[in-house]
Amino acid sequence: MAEHTIKAFDQEMDKLRGLIAEMGGRAESAIEKAMLALQRHDKVMAADVVAEDKRIDAIEAEVEKLAIEIIALRAPMANDLRDVIAALKIVGVVERIGDYAKNIAKRVPLIAANQRTQEPIALLPSMGQVAGEMVQDALNAFAARDADLAVAVIERDTVVDDFYNSVFRTLVTFMVENPKTISECAHLLFIAKNIERIGDHATNVAEMVYYAATGQTLPDRERGGAQAED
Amino acid sequence: MTAMIQNQESMTPAVETKMTARDVKVFYGEKQAIKGVSIDVDMDNVTAFIGPSGCGKSTFLRTLNRMNDTVASARVEGTITLDGEDIYAPSMDVVQLRARVGMVFQKPNPFPKSIYENIAYGPRIHGLAHGKADLDVIVEKSLRRAGLWDEVKDRLHDSGTALSGGQQQRLCIGRAIAVEPEVILMDEPCSALDPIATAKIEELIHELRGRYAIVIVTHNMQQAARVSQRTAFFHLGELVEYGVTSDIFTNPKAERTKDYITGRYG
């Protein structure tokens with residue numbers, strides 16, 4: 001795309017994109033580390049995830065400030081306007097994604113080491129990986145203005161939903177068979193739900209990216225399936 | 001014909017078309033300034049012409065009331081109609097045409113006469129007033145519509161040129177209104193005004209909308225976004241894109257429109 005006649009405008013837009021890329025990278029790494037901490041029962045790593053969420057929150061505030069400045073001072077139009085508005089909305093959603101990763105990490109120390117049920121725990125990291133990749137791809141699509149990649153992210157949400165349904169059934173079976181695992185399985189159920197929500201939020205980000213890139217909103221049929229409520 | 005893009009997803013068809021241009025070309029001597037422009041101007045929407053300097057937007061505006069007739073080297077081809085009537089037909093009375101299609105210029109240009117006379121002159125020479133009382137009514141009505149009455153009612157016989165720039169421009173709009181035009185053309189009417197005077201003219205354009213078909217040429221894209229419902233983007237003598245203003249400013253279809261309105265042009 002051609003550069004703006006006013007170079008400082010380009011620099012501000014680049015900074016906005018840079019911050020969102022950083023935020024996306026941090027959110028994805030928070031999901032990955034939270035899953036790893038769960039698998040290894042690593043309380044230190046889990047505490048790291050909680051601490052690092054502060055940076056995600058700080059980036060959200062920084063993007064909001066910059067976006068408002070750009071709107072006030074540059075009066076962006078057309079694709080620039082759509083990019084700034086999308087950035088403003090995306091950071092709000094990615095901040096929530098960061099919170100879900102933090103919530104997952106906070107549950108790690110609550111699951112006692114001697115009561116860990118290996119089978120469902122083994123299912124969760126693959127689910128987390130798919131959700132994390134969705135987050136990363138959605139933000140890569142924003143950086144590259146790639147509407148096709150955004151659509152691909154939206155389509156992948158059903159994978160996460162299917163994972164969730166499978167984990168749910170497995171955990172219920174475990175709880176029925178062995179009531180001693182209920183406390184642990186309840187935590188794991190919440191974790192699975194958090195990951196499922198991350199997938200939904202990544203889908204929302206992808207929809208905003210699609211709008212920013214094309215100026216069109218997606219027709220309903222292309223939206224991801226099973227959008228469970230919070 | 002140029003490959004003009006109609007960005008009109010939400011353009012409603014049920015509007016009263018006032019002026020129609022078809023394949024209009026304008027030449028200044030050998031140089032072609034307008035390259036086949038077709039556009040409809042309607043009563044219900046303010047139409048803004050935007051584009052970089054030299055794109056032809058003012059030249060095209062001037063074809064709508066034959067102001068280019070005064071330029072010796074200018075030649076106009078194509079068809080322009082007002083209520084279906086060809087305005088370049090030999091039978092067309094140009095003086096009458098310019099009363100029906102009024103114009104407001106970039107620089108306020110009141111006559112060096114009183115405020116009253118600035119308004120009264122047109123109705124008087126066009127025979128629209130019968131006697132002094134009639135003329136008084138027209139002057140008051142025109143100044144009210146131009147949003148100037150309250151500011152000048154106690155000094156109608158002061159010189160028009162003694163008013164501030166913004167007041168002078170509203171006086172010129174009042175002068176155009178006084179002869180009961182159907183269309184008002186505005187050629188960068190606010191470029192010589194401060195932001196407050198500009199806001200008053202923009203508010204006036206809103207109030208006049210619907211009563212007259214209004215076409216405004218502006219360099220200020222924010223102004224086009226604020227005052228118009230239809231926007232036409234001109235570039236190098238072509239009409240590149242014409243559509244609903246909110247569509248043009250959020251999702252222009254043509255690359256050239258996008259580059260211009262986002263500040264990437266040239």
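Since every read-out is calculated from the coordinates, none of them should be taken as a lab result. Since the structure is predicted, the reported quantities are computational estimates derived from the model, not experimental observations. All Cβ positions, even for glycine, are placed from backbone atoms using ideal geometry, and neighbour counts span all protein chains on display.
See the values below:
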| read-out | value |
| --- | --- |
| Rounded Å value of the spacing that divides the Cα centres of region B:90-110 and region A:197-213 | 54 |
| Gyration tensor over alpha-carbon atoms, region A:8-222, equivalent ellipsoid semi-axes in Å | 35, 19, 11 |
| Cut-off of 10 Å, at most 16 other beta carbons, DSSP loop: longest stretch of chain B lacking such GluC sites (Glu not before Pro) | B:31-181 |
| Size of electric dipole in region A:21-92: Cβ of Lys, Arg +1 and of Asp, Glu -1, about Cα centre, debye, nearest 20 | 80 |
| Rounded to 10°, Cα long-axis angle of helix B:132-145 versus longest principal axis of chain B | 40 |
| Local electrostatic count at B:Phe60 - Lys and Arg +1, Asp and Glu -1, tallied over other residues with Cβ under 12 Å | +2 |
| B:Asp136-B:Glu203 FRET efficiency (beta carbon distance; Förster radius 22 Å; 0.05 resolution) | 0.30 |
| Under 5 Å, built H, 5+ apart or other chain: amide partners of A:His4 | A:Asp10 |
| Check: chain A dipole with +1 on Lys, Arg Cβ and -1 on Asp, Glu Cβ, in debye | 640 |
| Exposed-site-free run, longest, chain B (rule: trypsin sites (Lys or Arg not before Pro); DSSP loop; at most 16 other C-beta within 10 Å) | B:1-112 |
| Dipole of the protein assembly as shown [Lys/Arg +1, Asp/Glu -1 at C-beta], most positive-end residue of B:Thr70, B:Gln223, A:Gln136 | B:Thr70 |
| Whole-angstrom gap from region B:202-216 to region B:247-265, using each part's C-alpha centre | 25 |
| Distance between modelled label sites at B:Leu128 and B:Ala162, nm, 7 Å Cα→Cβ extension | 2.6 |
| Region A:8-222, relative contact order [Cα under 8 Å, separation at least 6], % | 28 |
| Euclidean distance between Cα centres, region A:77-93 to region B:8-77, Å | 35 |
| Cβ-derived FRET efficiency at R0 30 Å, A:Phe190 paired with A:Asp48, nearest 0.05 | 0.90 |
| Positive-end residue, chain B charge dipole about Cα centroid, Cβ charges, pick of B:Ile50, B:Thr20, B:Ser142 | B:Ile50 |
| Radius 13 Å from Cβ of B:Glu255, net charge of other residues (Lys, Arg +1; Asp, Glu -1) | +2 |
| Cβ-based net charge around B:Arg264, under 14 Å, with every Lys or Arg adding one and every Asp or Glu removing one | -2 |
| Karplus 3J(HN,Hα) series, Hz, for region B:193-203 with 6.51 cos²θ - 1.76 cosθ + 1.60 (x for Gly, Pro) | 10, 7, x, 5, 4, 4, 4, 5, 5, 5, 4 |
| FRET efficiency for A:Ser183 and A:Gln129, using Cβ-Cβ distance with R0 set to 35 Å, rounded to 0.05 | 0.85 |
| Mean separation of Cα contacts under 8 Å (6+ apart) over length of chain B, as relative contact order % | 30 |
| Label-to-label distance, nm, for residues given as B:Ala192 and A:Ala112 (7 Å Cα→Cβ offset) | 8.8 |
| Leading residue at positive end of dipole, the protein assembly as shown (Cβ point charges), from A:Ile121, B:Ile173, A:Asn165 | B:Ile173 |
| Separation in nanometres of the label points that stand 7 Å from Cα toward Cβ, at B:Tyr265 and B:Lys107 | 2.3 |
| Shielding by other protein chains, A:71-79, mean Cβ within 10 Å | 5 |
| Size of charge dipole - the protein assembly as shown - debye, nearest 20, with Cβ of Lys, Arg +1 and Asp, Glu -1, no other charges | 1040 |
| For B:253-265, mean number of other protein chain Cβ atoms within 10 Å | 5 |
| With Cα atoms, 0 to 90° folded angle of helix B:165-178 axis to chain B main axis | 90 |
| DSSP H segments from chain A that extend 20 Å or more along their own axis, Cα-based, with Kyte-Doolittle mean of 0.5 or above | A:147-177 |
| The protein assembly as shown, helix-only ellipticity at 222 nm - DSSP H runs n ≥ 4, -39,500 (n - 2.57), divided by all residues, nearest 500 | -19000 deg cm²/dmol |
